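The values are calculated or read from the model by the stated rules, or taken from the named source; none is laboratory data. Just so it is clear, the model here is predicted, and its values are computed rather than measured. Because the Cβ atoms are built from the backbone with ideal geometry, glycine has one as well, and the counts that use them run over all protein chains shown. Please note that ligands, DNA and RNA were not included when accessible areas were found on the heavy atoms of the full protein model with its side chains. Shrake-Rupley method; radii C 1.70, N 1.55, O 1.52, S 1.80 Å.
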Amino acid sequence: MQFRHGLRTNEIDSGEKTYLSAKAPIVVLGAAPINMGDLTCVNQPVLIQNITEATKYFGGVNKIEGFNISEVLYSAFQLFGVAPVLCINVLDPKKHGEVEVLTGIIVKNGIATIEKTGIIPNELQLKKGGTEEEIEVATYEISFDSNGYLEVYLEDLAVTSIDVSLKRLNPLLVTPQDIIGKVDIKTLKKEGLELVEDIFTKFSIIPGIGIAPGYTHDNELRTIMNTKFQAVNGGKWKSIIVADIPENVEYGEAIKWKKDNNAIDPEQILGYGMGVLGNNILHLSTLVACELLRGDAVNGGVPCDSPSNKSAKVSKIVYKDKNGVYQDLNLDEKQAELLNENGIITAIQTPGGFVLWGNRTSAFQPGGTIEKKDIWIHAKRLIQFICNTIAMNNQNEVDARMTPMRAGAIRDSINQWLASLKAEEKISGARVEFRAIDNPGENIAGGKFVWYIVHGDIPIGENLEFNVQNSSEFAIEAYVM
């Protein structure tokens, strides 16, 4: 034994774990106005936690027409006040840009506004209107307005009009195939949905809610997106997607569209209708995803609530008619109920304003599955949350010496965490067992260990009924002195 003289203290591990909840942010794929921010931000996941970061990469949080990522940032930060949002912009200036020449743009008091979105500043060339005289870059400044239009501030106040040659991003050129993406066979560089696999490695955040507003009506994209988000990193992390029925589908065709396109999946929420706020048209998938994130924040990060009957943050709901004109979609509760019965969420007007309406995943429909965890939005997200949190907090147990004491400690730590969720009324109850029936000797000898976990969610009060009876007994009592 080593000779020691004096007093010392030592820290001893308690063996107890403090569980960290698995975060589930929005992951949005599509087109962003990178011309207003960082032009190199193509096919890479970008974590946006505040308006400063949104401005740095994407020019801010205003909704810029045609760019679905700016729609999500606008809704998340301006309407719902939630974060973070993970953005994967697939719009590439090399593929999705076009050159335009504009003439006779009016200049007033030295200011000209080019009413086009997506203009790339360093591709801009200006001439004095009707001439070949170029305007030097050093003699003007530029900025973007709230619509994403380019404003030019000229030093020469005598100029009354300008001719412009420009290159602009065109989000209409982005296709579902761009969002599906690929892995380059030579460089192994990932694009589109393939980048979802990199999110946890890069940010230590599980991609919880996947959306691609304006694109998920495409069957192939929606199907592949479902698969990618159900089994992130080889099935380690579990997530859902929120998809949209196309904006030009009428109410009477919505259920048929869902069935014809096989938009039926327990890890999918399917929305119908477009939200309107001011001049902004917003996809229901955007609104639902933001509300899910808001509800999680209210419940301490636990996805135990439903988005239904929560504010949609819009002034009306619309669809696009055969002439391409938006028409009001004034659904009453009975009409919305029929959509809900077929696993479609929508929005209706109530005395408190427009609210999201529907508690069920797209797997729910007459003749469909009746498995509880697969038909309720809150139940599906809660079981995913429990699986993700357990996986995240026990990664260090892999390849450890699995003594009986260690196996019991893992059981006890999960039990304690679930008990805390019950105490907070996030779940109705739970237990964890390390059972002999799940762990035969040959499995243990082979290094396989199984813990059995059962939990109950807090039910959603979807159908409330009050039975009211008229009785004379109180009239009689009133006269008995």
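A few notes on this one:
- Nearby lysines by direct alpha-carbon distance to Lys373 (threshold 19 angstrom, same-chain neighbours under 8 apart not counted): Lys236, Lys238, Lys422, Lys426
- With a Förster radius of 51 Å applied to the beta-carbon distance between Asn443 and Gln125, the computed FRET efficiency rounds to 0.10.
- Placing +1 on the Cβ of every Lys and Arg and -1 on the Cβ of every Asp and Glu, with no other charges, gives region 351-481 a dipole of roughly 560 debye about its Cα centre.
- In a reduced charge model with +1 at each Lys and Arg Cβ and -1 at each Asp and Glu Cβ, the chain shows a dipole moment near 1580 debye about its Cα centre.
- Ranking Thr113, Ala419, Ser70 by how far each Cα lies toward the positive end of the dipole of the chain (charges on Cβ) leaves Ala419 at the top.
- Three-way shape label, region 339-395, alpha-carbon gyration tensor, a/c 1.5: oblate
- Nearby aspartates and glutamates by direct alpha-carbon distance to Lys128 (threshold 19 angstrom, same-chain neighbours under 8 apart not counted): Glu100, Glu115, Glu136, Glu141, Glu151, Glu155, Asp156, Asp163
- Other residues within the sphere of radius under 14 Å centred on the Cβ of Tyr74, judged by their own Cβ, net out at 0 (K and R +1, D and E -1).
- Rounded to the nearest 20 debye, the dipole size of region 59-183 about its Cα centre is 540 debye, using +1 on the Cβ of Lys and Arg and -1 on the Cβ of Asp and Glu.
- The residues packed around Gly301, meaning those with a beta-carbon under 10 Å from its beta-carbon, carry a net charge of +1 if Lys and Arg are +1 and Asp and Glu are -1.
- Potential lengthening between Lys186 and Lys236 on full extension [0.36 nm per residue; Cα-Cα distance subtracted]: 15.3 nm
- Remark: accessible surface ordering of Asp38, Asp244, Asp328 (largest first) is Asp328, Asp38, Asp244, probe radius 1.4 Å.
- Computed accessible area, Thr201, all protein chains, 1.4 angstrom probe, square angstrom: 110
- Gyration tensor (alpha-carbon) shape descriptor, region 178-323, a/c threshold 1.5: oblate
- Fully extended contour minus Cα-Cα distance, from Thr18 to Glu465, at 0.36 nm per residue: 156.8 nm
- Taking label points 7 Å from Cα along the Cα-to-Cβ direction, Asn109 and Val454 give a separation of 7.4 nm.
- Label separation (Lys95 vs Thr139): 4.0 nm, computed from points 7 Å beyond Cα along the C-beta direction.
- Solvent-accessible surface of the chain, averaged per residue with a 1.4 angstrom probe and all protein chains in place: 51 square angstrom.
- With the simple spin-label model, which puts each label point 7 Å out from Cα in the Cβ direction, the Glu220 to Arg431 separation comes to 5.1 nm.
- Solvent exposure of His217, expressed as accessible area, is near 80 Å², computed with a probe of 1.4 Å over the protein chains only.
- Under 12 Å, Cβ to Cβ, from Pro45 - net charge with Lys/Arg +1 and Asp/Glu -1: -2
- Exposure rule at most 10 other beta-carbon atoms within 10 Å, DSSP loop GluC sites (Glu not before Pro): the chain longest free segment: 137-424
- Label of the coordinate-derived value, Rg/Rh (Cα atoms, Kirkwood Rh), listed as (1) 1.11; (2) 1.00; (3) 1.09: (3)
- Between the C-alpha center of region 91-118 and that of region 172-196 there is a gap of 28 Å.
- Tensor-based shape of region 278-376 (alpha-carbon gyration tensor, a/c under 1.5 rounded, otherwise prolate or oblate): oblate
- Summed over qualifying helices (DSSP H, 4 residues or more, each -39500 (n - 2.57)) and divided by its residue number, the chain shows a 222 nm mean residue ellipticity of -7000 deg cm²/dmol.
- Trypsin sites (Lys or Arg not before Pro) restricted to DSSP loop in region 306-369 with at most 13 other C-beta within 10 Å: Lys322
- For region 426-441 versus region 364-409, the spacing of their alpha-carbon centroids is 12 Å.
- Taking all C-alpha pairs of region 1-99, those more than 20 Å from each other amount to 48 percent.
- Förster radius 45 Å - calculated FRET efficiency between Thr175 and Glu11 (Cβ-Cβ, nearest 0.05): 0.20
- Accessible-area value, Lys116, 1.4 Å probe, nucleic acids and ligands omitted, Å²: 60
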